[in-house]
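Just so it is clear, none of the values below were taken in a lab; they were calculated from the coordinates. The model shown is predicted, which means the values in this text are computed figures rather than measured ones. All Cβ positions, even for glycine, are placed from backbone atoms using ideal geometry, and neighbour counts span all protein chains on display.
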Amino acid sequence: MEQVTKVAELSEKKLSEKWGVAINPGFVAIPNMLLMHQGRIGLTDGELVTLQHLLMAWWRGDERPFVRPETIAKRTGASPRTVQRHVRSLEGLGLIRRINATRREPVKYDLGGTLAKLTALAKANPPKPASDTVQEELHQTEAPF
């Protein structure tokens, strides 16, 4: 556990050096696989942004995130209806599952489908070191202008 804490502190320090005070409200860890294989997964840009907002609310692996579509809409400038469509589409892709709310609890989201999809992609595409992979992918997909 002590080693994990040291790694987390080092990562936070590097992020602070890179982003300055912009990192103070926090950050979202998003696997590169999600961004590099967005098209292969079948995600539109709007769906990806909605998924990123759900990931932003997923603080602990053992707890399901909850965030209202209206909150995502306000943050992104989309309409609540558009965000609701994105959520339904993410469900249809098997990336999330809505867990119905009770009067006392909000709707929560199970992101296990996203984890399963990314795990399958990672196994099918054995990762190279992160910096090499990102650089190669960027060079392979750059527009010729």
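Add +1 for every Lys or Arg and -1 for every Asp or Glu among the other residues with Cβ under 14 Å from the Cβ of Gly20, and state the total. So the surrounding residues net to +1. Translational diffusion of region 29-135, estimated by Stokes-Einstein from the Kirkwood radius over alpha carbon pairs at 25 °C in a medium of 0.890 mPa s, is 168 µm² per second.
Using θ = phi - 60° in the Karplus curve 6.51 cos²θ - 1.76 cosθ + 1.60, the 3J(HN,Hα) couplings for region 85-97 round to 5, 4, 4, 4, 5, 4, 5, x, 7, x, 8, 9, 9 Hz; x is entered for Gly and Pro. Subtracting the Cα-Cα distance of Ala120 and Arg68 from 0.36 nm times their residue separation leaves 15.8 nm of extension gain.
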